[in-house]
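Following: one structure in C-alpha cells, then a few remarks.
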Amino acid sequence: MAATSAPNLARIPAGEFLMGASDAEEDERPVHRVYISEFFIGRFPVTHDEYARFVRATGHPAPAIRGLPLIAAAGRDALFKEMAAPYVWEENEPPVGHGSHPIVLVQYDDALAYCRWLSDSLGRAVRLPTEAEWEKAARGGVEGHRYPWGNDIDPARCNFLVDPSVKRQRGTRPTGTFPPNPYGLYDMCGNVWEWVSDWYGAEYYGNGDPRDPRGPSSGAMRIVRGGSWVNDDVSMLRCAYRHKVPPDTYAYSVGFRIVCAA
C-alpha cells in the first residue's frame with residue numbers, strides 16, 4: 001500500500017490522573033485515580049483532507065446521508081438532512097472549503113476502518129483512544145478543571161453554540177482555530193464530538209481497571225467525547241462528560257482523532 005504522511009502526534013506521558021467529576025452526572029462518579037501508559041494522540045481531529053486519502057486509497061464509502069440515525073427520529077429528519085447537507089461529499093471529494101475541518105458524518109465503524117488503513121500504510125498500530133486516554137489528554141496534565149483551560153466556558157477557546165438562534169448559520173471550524181491545551185492538543189472541547197473505543201457502561205467508573213482501562217467487554221451504546229459546535233448546553237463540553245450513542249450513529253457534529261502506541 002502506498003505510504004501516507006505521518007500524522008501530527010503529541011506525546012502523553014505515562015502517569016496517573018483523576019478521572020471523572022464529583023459535581024456532575026452520575027455516570028461520571030466516583031472521581032478516581034487512573035494510571036495510563038504513555039501514548040501518542042493526534043494533535044487535531046482527523047480532517048476531511050486526511051479522510052479523503054483513505055477514501056481514495058480504499059474505495060471506502062465517502063461521508064453521505066445514509067439511513068437516518070436515531071437522533072433524527074421523532075420528526076427531526078428534515079432538520080438532520082438540512083444540517084448535514086454542507087458536509088456531504090460529491091464524487092469522493094470533500095465539500096469545498098472544508099478540507100481542514102474535522103471529518104464528520106462518520107460512524108464508529110468508519111473510524112475503525114480509517115485506523116486499520118492508516119496502520120497498514122504507516123506500519124504502525126493506529127487506533128481510537130480509550131475513554132480514559134481521551135480524558136487524560138483533554139485535561140492536559142491539569143487536574144480538577146471542568147474544561148481544558150479552567151472552570152468557566154470561554155467562546156474564545158472552543159467552537160460551541162453560543163446563540164441557539166443562529167444554529168443554521170454555524171458549523172465546524174478549521175482545526176487549529178482555537179488555542180491548544182497544555183499538551184498541545186486542539187479541539188478537545190467543542191468543534192466535533194470524538195469517537196472513543198469503549199463501550200458505554202454506567203457503572204464502569206466505579207468498577208473499572210485502575211490501570212489502562214479499556215471499558216466494558218460489551219454493551220449496547222458507544223461513547224463520544226468533547227462536545228461540538230451544535231451544543232449550547234456547555235456542561236456537555238466538559239472534560240469528564242460522557243455522551244452515549246448507538247454505535248451506528250453518525251452526524252454533522254461527530255468525528256474522531258487517532259492514537260498510536262508509544
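The values are calculated or read from the model by the stated rules, or taken from the named source; none is laboratory data. In this text, all values refer to a predicted model and were calculated from it rather than measured experimentally. Heads up, the Cβs are rebuilt from the backbone with ideal geometry, glycines too, and the neighbour counts pull from every protein chain shown.
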When you look at Pro94, is it surrounded by 15 or more Cβ atoms within 10 Å (Cβ to Cβ), closer than 16 Å to Ser253 by Cβ, at pLDDT 95 or above and not small (Gly, Ala, Ser), yes or no? no
I'd like to know if the stretch 43-59 contains one or more residues that are within 21 Å of Trp134 (Cβ to Cβ), hydroxyl-bearing (Ser, Thr, Tyr) and in contact with a Lys or Arg (Cβ under 7 Å, 6 or more places away or on another chain). no
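Taking the criterion of being among the hydrophobic types (A, V, I, L, M, F, W, C), over 30 Å from Asn151 (Cβ atoms), in contact with a His (Cβ under 7 Å, 6 or more places away or on another chain) and touching a residue at least 12 places away in the same chain (Cβ under 8 Å), would at least one residue in the stretch 62-82 satisfy it?
no
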Test result for Val192, surrounded by fewer than 22 Cβ atoms within 10 Å (Cβ to Cβ) and at pLDDT 95 or above: no
Residue that is nearest to Ala57 (Cα to Cα), among those in the stretch 78-116 that are in a helix (DSSP H, G or I) and of a type in the set (D, E, K, R): Arg116
May I ask you to verify whether Arg33 is loosely packed, with under 14 Cβ neighbours inside 10 Å, in contact with a Leu (Cβ under 8 Å, 6 or more places away or on another chain), farther than 30 Å from Pro164 by Cα and charged (D, E, K, R)? yes
Unique match (being within 20 Å of Met19 (Cβ to Cβ), assigned to a loop (DSSP other than H, G, I, E, B) and of a type in the set (D, E, K, R)) among Asp248, Asp154, Asp209: Asp209
